[in-house]
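Structure record follows, encoded as structure tokens.
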Amino acid sequence: MTRATKARADQRPSRSLTDYFYDPKSRGIMLQLTVAVILIWLIWSVVDNTIRNLEAQGIAAGFGFLRNTSGFDISQSLISYTSTDTHGRAFLVGLLNTLLVAVVGVVLATVIGFVIGIARLSQNWLVSTLAAVYIETIRNVPPLLMLFAVYFGVIKTLPRPRDSIEFPFATYLNLRGLYLPRPIWDEAIWFVLLAFVIGFIAAFWINRRAKKIQIETGVQPRVLFPVLGCVLGLPALAFVLAGFPVSFDVPQLGRFNLRGGFVISPEFIALVSGLTLYTAAFIAEIVRSGILSVPKGQREAASALGLRDGQVMRLIIIPQALRVIIPPLTNQYLNLTKNSSLAVAIGYPDLVSVFAGTVLNLTNQAVEVIIMTMAVYLSLSLLTSVFMNWFNARVALVER
Amino acid sequence: MRNWVAAGLALVMSYGQQMELAAAQTSTLDTVKSRGQLQCGVSTGLAGFGAPNDAGVWQGLDVDICRAVASAVLKDADKIKFVPLTAKERFTALQSGEIDLLSRNTTWTMSRDTAAGLNFTGINYYDGQGFMVKKTLDVVSAKELSGASICVQTGTTTELNLADYFRSNKMEYNPVVFEKLSEALGAYNAGRCDAFTTDVSQLYSIRLTLGNANDHIVLPEIISKEPLGPVVRQGDPQWANIVRWTLFAMINAEELGVTQSNVDQMKNSKNPAIRRLLGVEGEYGVAMGVDKDWAYHIIKLVGNYGESFDRNVGAGSPLGIARGQNALWRDGGLQYAPPIR
Ligand SMILES: N[C@@H](CCC(=O)N[C@@H](CS)C(=O)NCC(=O)O)C(=O)O
């Protein structure tokens, strides 16, 4: 309580109801309370209404179905799964498949988007025109069409399994996917992992020391080779010392498909490339506007200080541009994640295909399944936003 | 202020919902009559079973069920709004009241009949699941399919049968699951899958649409029972009766030799079973809310079961499917309708 209200309260110990009504603070609380009560009542009545209607229509309700055997197979899974597992596990499989597409898509779209965005601003006419053409074409195609084009493009141009395109290291490409040798790690691989961790810590330390030397003396020590040596050389040495603790399951031609190895399906490739190309066009525009938002004087000042072009971009322009870039970038990440639900159109087993598709139809519990699916997308969106806000707060230029 | 508007809107919407559901629970017969139109869920395009012809008129064995019901209720086989539905959409459309009747190669299963708010009213086609492969693969039996990629449509019984079959035969496979038939077939045709699987009747129909039909063969193995039939919402026994007896009337008519062309003469028949069927004797339709000559209109406007079978999927159609299990019981098939009496 501020001193003034306290004084007023002292003067008039008993306040009438109208006083409360005219007091903005208590009026605010009352309003909020009313809204909250109405909201809770609304939610309750919708839930109650739904349950009753489902009962009246003879439709099963509840989440017990998640423990029942699913009975169907899924073509791609990051965790072990067979048709004897439960619907709950099928949900997890779908969720992980969605996450996989989202994460890979976001990373690739960011990289491509930044490259094209910067290319769009290039002094080179050809480069900037190509970037502009890309952006303008792609942005105006509906994502679903894009996916169809990529998917049927992929499976119609790639050869049949018998005529697979062969790459080095027992890698094959055909219209059933990209087949890679699958590494089978021996026990001794922990030795290599340990070396990797140690190398990483050492590299970190070398970098820190180099920074310190630069700040103190102005001399930039060369760190590339020592760092590479630690991060790559050390594990490689451990690998040799441990006696090559790995063997490979190599894909081989079977009657219909290649058998064995590790397969990346054409559905996954098409989905990720479709979504990536689509989102990258938007990210490119965001990057361009972000860079343009940094006043020209900054660049000139940096050059005048003797920084090289790359350094100007990396140390002066990008950090300032990021403030403008990150909020709309977050939006694009959310869009990509949500657009990944178009997967079912091209046969990729994402959450919507597996759970809101197959499981929903087998159990007929549309309400529960859709609620869970919506909850997943909501949480993914919120998590992405929270992370990006945190990232923004961290990299945003601290202005003095 | 905004909060209030939002809350008010939500309130109105939630009541709207309540009313809509309440409407869905009133008599379907009254709804159809007052609307003057039957809303019938059919497939998105499966020649012989449910597909628009070149003139845009819906035709097929399943479509004829819609037409027969409209004839019985509205005395007009064309007062129908056909709603094309994918496998995934069909039950929601029925549950939510968007359609009055679903007649779209739908398999009668226990869970659908008991736990999904649906009622199956009969079997208009006895079917089973099979596989279609390209001839060039040199496969003659489904038992050889181990390691194959197989295209399927989601929301069907097909996915489960497939898993069961491969598991019990200890074979491996890679399912590629699509929401729409067109994309599943596109992928199969492009060579993404070695086989396409669904009910055999649909395989025959699809084979005709795949360019050169002779490039594809349907393998002999039948891996499941797929009794296909019309479906209505649970909780409206009168409407379920109308749909059930519409199919029975068509089957009985075939058995009694009543056809689209002779139905008018047959009204003078001495056979009491025919007289009851056509409403000359007794008032059998009235008890389920339609006129006593309900079946006369069905046969006059659509024909009997055998005629419908023949012109849509049988010998008189491009599909040329033999009657087989779908022959009348007295001809060694399974089609058997309880008597009208
Ligand atoms: N009888 C099965 C399968 C029926 C089914 O939907 N088959 C698909 C594959 S041929 C179909 O008719 N699709 C046509 C469409 O989606 O319009 C079931 O009831 O689940």
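Which residue, of A:Ala210, A:Ala202, is assigned to a helix (DSSP H, G or I) and surrounded by fewer than 17 Cβ atoms within 10 Å (Cβ to Cβ)?
On inspection, the qualifying residue turns out to be A:Ala202.
Considering segment B:238-283, and only residues there that are more than 24 Å from B:Thr28 (Cβ to Cβ) and basic (Lys, Arg), the residue that is surrounded by the fewest Cβ atoms within 10 Å (Cβ to Cβ) turns out to be B:Lys270.
Within segment A:325-371, the residues that satisfy the criterion of being outside any loop (DSSP other than H, G, I, E, B), among the polar types (S, T, N, Q) and touching a residue at least 12 places away in the same chain (Cβ under 8 Å) are A:Thr330, A:Gln332, A:Asn335, A:Thr337, A:Asn339, A:Ser340, A:Ser341, A:Ser353, A:Thr358, A:Thr363. Every test in (1) touching a residue at least 60 places away in the same chain (Cβ under 8 Å); (2) within 27 Å of B:Glu183 (Cβ to Cβ) is passed by A:Val103 save one, and that test is (1). Any idea which residue in segment B:163-179 is surrounded by the fewest Cβ atoms within 10 Å (Cβ to Cβ), counting only those that are more than 7 Å from every other protein chain (Cβ to nearest Cβ) and in contact with a strand residue (DSSP E or B) (Cβ under 6 Å, 6 or more places away or on another chain)? Checked segment B:163-179; the qualifying residue surrounded by the fewest Cβ atoms within 10 Å (Cβ to Cβ) is B:Phe166. Mind checking which residues of segment B:247-271 are without any contact (Cβ under 8 Å) to a residue 24 or more places away in the chain and among the small types (Gly, Ala, Ser)? Correct list: B:Gly257, B:Ser261, B:Ser269. Please determine whether any residue of segment B:237-249 is part of a loop (DSSP other than H, G, I, E, B) and away from the ligand (no atom under 16 Å from the Cβ). The answer is no, given that none of the residues of segment B:237-249 is part of a loop (DSSP other than H, G, I, E, B) and away from the ligand (no atom under 16 Å from the Cβ).
The residues of segment B:104-121 include none that are assigned to a helix (DSSP H, G or I), within 11 Å of the ligand (Cβ to nearest atom) and of a type in the set (Val, Ile, Thr).
Number of residues in segment B:59-90 that are within 16 Å of the ligand (Cβ to nearest atom) and within 13 Å of the chain's Cα centre (by Cα): the value is 14. When the test is whether a residue is of a type outside the set (A, V, I, L, M), more than 14 Å from chain A (Cβ to nearest Cβ), part of a loop (DSSP other than H, G, I, E, B) and within 13 Å of the chain's Cα centre (by Cα), B:Gly48 passes it.
Taking the criterion of being within 11 Å of the ligand (Cβ to nearest atom) and modelled with pLDDT of 95 or more, the only residue of segment B:91-103 that qualifies is B:Leu102. Applying the set (1) in the same structural domain as A:Val107 (by TED's automatic domain parsing); (2) touching a Lys or Arg at 6+ places or on another chain (Cβ under 7 Å); (3) loosely packed, with under 15 Cβ neighbours inside 10 Å to A:Pro319 leaves exactly one unmet item: (2). Put simply, of B:Val63, B:Val42, B:Val69 the only residue that is out of contact with any Phe, Trp or Tyr (no Cβ under 8 Å at 6 or more places or on another chain) and modelled with pLDDT of 95 or more is B:Val69.
A residue that is within 14 Å of chain B (Cβ to nearest Cβ), closer than 25 Å to A:Leu329 by Cβ, surrounded by fewer than 21 Cβ atoms within 10 Å (Cβ to Cβ) and under 22 Å from the mean Cα position of the chain (by Cα) can be found somewhere in segment A:131-144. Considering only segment A:55-93, state which residues are touching a residue at least 12 places away in the same chain (Cβ under 8 Å), buried (at least 17 other Cβ atoms within 10 Å of the Cβ), more than 18 Å from B:Thr156 (Cβ to Cβ) and within 12 Å of chain B (Cβ to nearest Cβ). Correct list: A:Ile59, A:Ala60, A:Phe65, A:Gln76, A:Ser77, A:Tyr81, A:Asp85. Being outside the structural domain of B:Thr107 (by TED's automatic domain parsing), farther than 19 Å from B:Ser43 by Cβ and within 11 Å of the ligand (Cβ to nearest atom) is the requirement here; does B:Leu160 meet it? Spelling it out, B:Leu160 is indeed outside the structural domain of B:Thr107 (by TED's automatic domain parsing), farther than 19 Å from B:Ser43 by Cβ and within 11 Å of the ligand (Cβ to nearest atom).
Restricting attention to segment A:114-157, the residues being in a helix (DSSP H, G or I) and touching a Ser or Thr at 6+ places or on another chain (Cβ under 7 Å) number 4.
Looking across segment B:122-153, the residues that are within 13 Å of chain A (Cβ to nearest Cβ), in contact with a helix residue (DSSP H, G or I) (Cβ under 7 Å, 6 or more places away or on another chain) and either within 16 Å of the ligand (Cβ to nearest atom) or free of Cβ contacts under 8 Å to residues at least 24 places away in the same chain (or both) come down to B:Phe131, B:Ile150, B:Cys151, B:Val152, B:Gln153. Residues that are away from the ligand (no atom under 13 Å from the Cβ), basic (Lys, Arg) and more than 21 Å from A:His87 (Cα to Cα) within segment B:163-193 comprise B:Lys170, B:Arg192, listed in sequence order.
Of the residues that make up segment B:260-270, is at least one within 19 Å of B:Tyr336 (Cβ to Cβ) and out of contact with any His (no Cβ under 7 Å at 6 or more places or on another chain)?
no
In segment A:94-106, what residues are buried (at least 24 other Cβ atoms within 10 Å of the Cβ) and out of contact with any helix residue (DSSP H, G or I) (no Cβ under 6 Å at 6 or more places or on another chain)? The one that is buried (at least 24 other Cβ atoms within 10 Å of the Cβ) and out of contact with any helix residue (DSSP H, G or I) (no Cβ under 6 Å at 6 or more places or on another chain): A:Asn97. A count restricted to segment B:180-220 and to residues that are surrounded by 24 or more Cβ atoms within 10 Å (Cβ to Cβ) and facing chain A (nearest Cβ under 10 Å) stands at 6.
The set of residues in segment B:146-182 being part of a loop (DSSP other than H, G, I, E, B) and farther than 25 Å from B:Pro227 by Cβ consists of B:Ser146, B:Gly147, B:Lys170, B:Met171, B:Glu172. Mind checking which residues of segment B:183-195 are in contact with a Leu (Cβ under 9 Å, 6 or more places away or on another chain), of a type in the set (A, V, I, L, M, F, W, C) and either within 22 Å of B:Gly60 (Cα to Cα) or part of a helix (DSSP H, G or I) (or both)? Result: B:Leu185, B:Ala190.
The values are calculated or read from the model by the stated rules, or taken from the named source; none is laboratory data. Bear in mind the structure is a predicted one, so any value in this text is a computation, not a measurement. Don't worry about glycine lacking a Cβ; one is built from the backbone with ideal geometry, like all the others, and counts go over all protein chains shown.
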